[in-house]
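For reference, the structure discussed in these notes is given below.
The values are calculated or read from the model by the stated rules, or taken from the named source; none is laboratory data. In this text, all values refer to a predicted model and were calculated from it rather than measured experimentally. FYI the Cβ positions are ideal-geometry reconstructions off the backbone, even for glycines, and counts take in every protein chain you see. Calculation scope for accessible area: heavy atoms of the full protein, side chains included, ligands and nucleic acids excluded. Shrake-Rupley method; radii C 1.70, N 1.55, O 1.52, S 1.80 Å.
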Amino acid sequence: MLYLGIDQHHKQITVSIREGAGAVILRRQVSTRPEKVRAFLEGVRRQSGDEGFMAVVEVCGFNDWLLELLPEFGCREVVLIHPDKRSKRKTDRRDASKLSELLWLNAQRLRSGQKPQGLRRVVPASADDQQDRQLTSVRKRLAQQQTRTLNKIQNILRRRNLTWQQPTKTFQTQKVRQWLYGITLS
């Protein structure tokens, strides 16, 4: 079994592959162009043989495509983790190596379904959960925008001392809306 650590960025991924005994057998950068990533993963599939490989990736906002692609090429388990602490001497190569080492050290625990040590594992949301979260986010933004707009209208009315002419005490009524359509401002 091979252990693949991936440090992902927008234009490239930095990878570190360890073999079963823990020795690093490959370190390199791969472009995130679809054909380059697919060619690299095909090579990993051939090298891993029937045993397959495991991969570890840090959470970032744009790795959904990679998480979907890995199982296509024989990845037995994708481990998505939250980065623990930031190093002052951070490089992509060191990050990928550290990730593959953590994966190799925790491989047995992961295969047996136990909690890995030294990793803050993240469970990706299902497609339905992602859609629900996106819808909730849009609703929240719209409600905030509506509140901001209503507050701006009320501030304009206060600056011009027009609140006394308001037909009802409550601002969000149909009478007030009709009254607002009739107001002319310079």
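Structural remarks
- Whenever a residue of segment 153-181 is part of a helix (DSSP H, G or I), its partners that are open to solvent by 60 Å² or more (accessible area, probe 1.4 Å), lying with C-beta atoms within less than 7 angstrom and at least six residues away or across chains, give the pairs Lys175/Pro167; Val176/Pro167; Trp179/Pro167.
- The residues listed here are Gly182, Gly118, Gly113, Gly74; of these, the one that is modelled with pLDDT of 85 or more and within 30 Å of Gly49 (Cβ to Cβ) is Gly74.
- Contacts under 6 angstrom Cβ, first residue in segment 1-18 being closer than 10 Å to Asp92 by Cβ, partner of a type in the set (Asp, Glu) and surrounded by fewer than 23 Cβ atoms within 10 Å (Cβ to Cβ), 6 or more apart: Asp7/Asp92; Asp7/Asp95; Thr14/Asp92
- Look at segment 32-48: where a residue is more than 11 Å from Phe73 (Cβ to Cβ) and a partner is polar (S, T, N, Q) and surrounded by 13 or more Cβ atoms within 10 Å (Cβ to Cβ), sitting 6+ places away or on another chain with Cβ atoms under 7 Å, you get Thr32/Gln12.
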